[in-house]
Amino acid sequence: MTDATAPASGETLTFGQTLKSSDFVGLGIKNGLLNLVTFGVYSFWGKTATRRSIWEKVSLNGEAFSYTGKGLELFLGFLLGMAVLLVPYVAVVILTMVNHFFLLLMFPLYFGFIVALGAAVFMAFRYIAGRTRWRGTRFQLIGSPARFGWSYLGYFLLMLVTLGWFSPAMTMRLSGKLWGGLAYGDKKLDWQRSDKEGLYGPFTLAWLVGIGGYVGLIAMMVPSMAAQAGGAPDLALIGRLYAFLLVYIVLVVLASSAYYAAVMRAVIGAIRLDGARFSIKVTAVELIVLSLTNALILIFSLGFLLPVAEARSARFVLSRLSSTGTVDLSGVRQAPAGSGSDEGLADAFGISTF
């Protein structure tokens, strides 16, 4: 895009979408069948086709986004990511066969995997940003995957030491490094957290439900297992355990959904672009309904309708997303092209930022 094509300053931002589940059924069937005959290799091209279809049905101020990623980029990036993960592991295994002393290398290797996982999250986010365009101008993510990876490791260790209580802080700090480093062309977004995020209230409830259920499960199992040692299985006990697990899962989902809804509100609310501020109206019940219906779609379609679930998730967010204030886009300049292999490490880990 040239500077001459940029709109006048002081725009308000209005999101729109024309996403319909029925539009993605055929794409899901096509992707699923091609994945079967190619033993999953087509999944990278299928992911690209799904994103392209979703992006073109999402608009900002009446102008659609576009996705320029390629399946071959994802595939080659995946191969590179697998090499990055497997080569060190195989090397340590071979060295261990020579001398068991080399087992000590497993500890730094595990820490290295956590750093790589963090870097993979950053690089996948950067890839999607660099392959997303609006008004012909691409987005970019400014920052270092290595620094993000080391931050991820540090926060992860703090989360372990605090028995999970650092998790909300970890989520917000890592989100800040991603969204605070995002830019439209050369216009960078800002990250300004609120003093009233309200995360630790719902997190406390989810944490107590999770720990309480785990302790209750152990309390049910240990005495009965000791009494039945060497004897026939107690079918009544097995039935009670399964019933308890079902109730436990339901309670964890209910409690966790309130926390994840709060996280969505806090993250979106911290994003700024000039004078534009963003917000999202989402509740725990709405998240539960979305997650449950998407899960049922995937289960009963044997995974074929994954594009439908992704389109429904995008529609869920966009229909609740709003913006206030204005932003000056008159002087935006094109961002440099990013690497085509960025998302490969994330695919190797089996994670996705979308």
Of 241, 27, 117, the most mobile residue in a GNM of the chain (C-alpha springs, cutoff 10 Å) is 241
Say each of residue 196 and residue 97 gets a label point 7 Å from the Cα, pointing the same way as Cα to Cβ; how far apart are those two points in nm?
6.3 nm
Full-extension gain in nm, residue 208 to residue 186, via 0.36 nm per residue minus C-alpha separation:
3.5 nm
Could you give the length gained by full extension between residue 110 and residue 218, i.e. 0.36 nm per residue of separation minus their alpha carbon distance, to one decimal place?
36.0 nm
What ³J(HN,Hα) values, in whole Hz, does the Karplus curve 6.51 cos²θ - 1.76 cosθ + 1.60 give for segment 273-281 when θ = phi - 60°, with x put for Gly and Pro?
9, 6, x, 7, 10, 10, 8, 9, 9
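With a 10 Å Cβ neighbour count serving as the proxy for reagent exposure, in which order, fewest first, do 286, 343 appear?
Values: 286 14, 343 29.
Listing 286, 343 from fewest to most nearby Cβ atoms yields 286, 343.
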Could you tell me which residue out of 212, 280, 257 lies farthest along the dipole of segment 195-332 toward its positive end? Charges go on the beta carbon: Lys and Arg +1, Asp and Glu -1, centred on the Cα centre.
280
Based on the alpha-carbon gyration tensor of segment 89-134 and its eigenvalue square roots a ≥ b ≥ c, which shape applies: rounded if a/c is under 1.5, prolate if not and a/b is larger than b/c, or oblate?
prolate
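Please compute the length gained on full extension between residue 326 and residue 158, using 0.36 nm multiplied by the number of residues separating them and subtracting their Cα-Cα distance.
Additional length available on full extension: 56.6 nm.
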Put in order of increasing Cβ neighbours within 10 Å, starting from the fewest, 196, 57, 30 give 196, 30, 57
Any chance you could list P(r) for segment 131-271, counting all Cα-Cα pairs in 10 angstrom bins from zero, rounded to whole %?
10, 26, 26, 18, 11, 6, 2, 0
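What is the fewest-to-most order of 195, 274, 186, 347 by other Cβ atoms lying within 10 Å of their Cβ? Intermediate results must be reported in sequence, preceding the final value.
On the way: 195 4, 274 17, 186 14, 347 22.
Going from least to most buried by this count: 195, 186, 274, 347.
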Along segment 133-148, what does the Karplus equation 6.51 cos²θ - 1.76 cosθ + 1.60 (θ = phi - 60°) give for ³J(HN,Hα), rounded to whole Hz, x for Gly and Pro?
10, 9, 6, x, 9, 8, 8, 8, 10, 9, x, 10, x, 5, 5, 5
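Determine by what factor the alpha-carbon radius of gyration of segment 242-292 differs from 2.2 N^0.38 Å, reporting the quotient.
On the way: Rg = 14.8 Å, N = 51, 2.2 N^0.38 = 9.8 Å.
Computed over Cα atoms of segment 242-292, the ratio equals 1.51.
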With the chain treated as a Gaussian network of Cα nodes joined by springs under 10 Å, which of 313, 22, 144 yields the largest mean-square fluctuation?
22
Tell me, what HN-Hα J-couplings in whole Hz come from the Karplus equation 6.51 cos²θ - 1.76 cosθ + 1.60 at θ = phi - 60° for each residue of segment 284-296, using x for Gly and Pro?
4, 4, 5, 5, 4, 4, 4, 5, 5, 5, 5, 4, 5
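Could you tally the net charge around residue 269, taking each other residue with its Cβ under 10 Å from the Cβ of residue 269, Lys/Arg +1 and Asp/Glu -1? Spell out each step's value before the answer.
Details: positive: 193, 196, 265, 272, 277; negative: 197.
Taking every Cβ under 10 Å from that of residue 269, the sum is +4.
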Could you work out the Rg to Rh ratio of segment 1-147, with Rh taken as the Kirkwood radius (inverse of the mean 1/r over all Cα pairs)?
1.12
Once label points are set 7 Å from the Cα along Cα→Cβ at both residue 37 and residue 289, what is their separation, rounded to one decimal in nm?
4.0 nm
Restricting to Cα pairs under 8 Å and 6 or more apart, the percent relative contact order of the chain works out to 33 percent
Based on the Cα coordinates of the chain, what is the per residue volume of their convex hull in Å³?
183 Å³
How many lysine pairs in the chain, separated by 8 or more positions in sequence or lying on different chains, have Cα atoms less than 17 Å apart?
7
Any idea how far apart residue 80 and residue 169 come out in nm if each label point goes 7 Å out from Cα toward Cβ?
3.5 nm
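How much net charge surrounds residue 294 when only other residues with a Cβ under 10 Å from its Cβ are counted (Lys, Arg +1; Asp, Glu -1)?
Values: positive: 312; negative: 310.
Combined, the nearby Lys, Arg, Asp and Glu give 0.
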Under 5 Å, built H, 5+ apart or other chain: amide partners of residue 276
326
For the chain, set up a Gaussian network in which alpha carbons nearer than 10 Å are linked by springs, and say which option among 269, 213, 239 fluctuates the most.
239
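No lab work stands behind these numbers, since they all come straight from the coordinates. Please read these numbers as outputs of a predicted model, since none were measured by experiment. All Cβ positions, glycine included, derive from the backbone under ideal geometry; neighbour counts span all protein chains shown.
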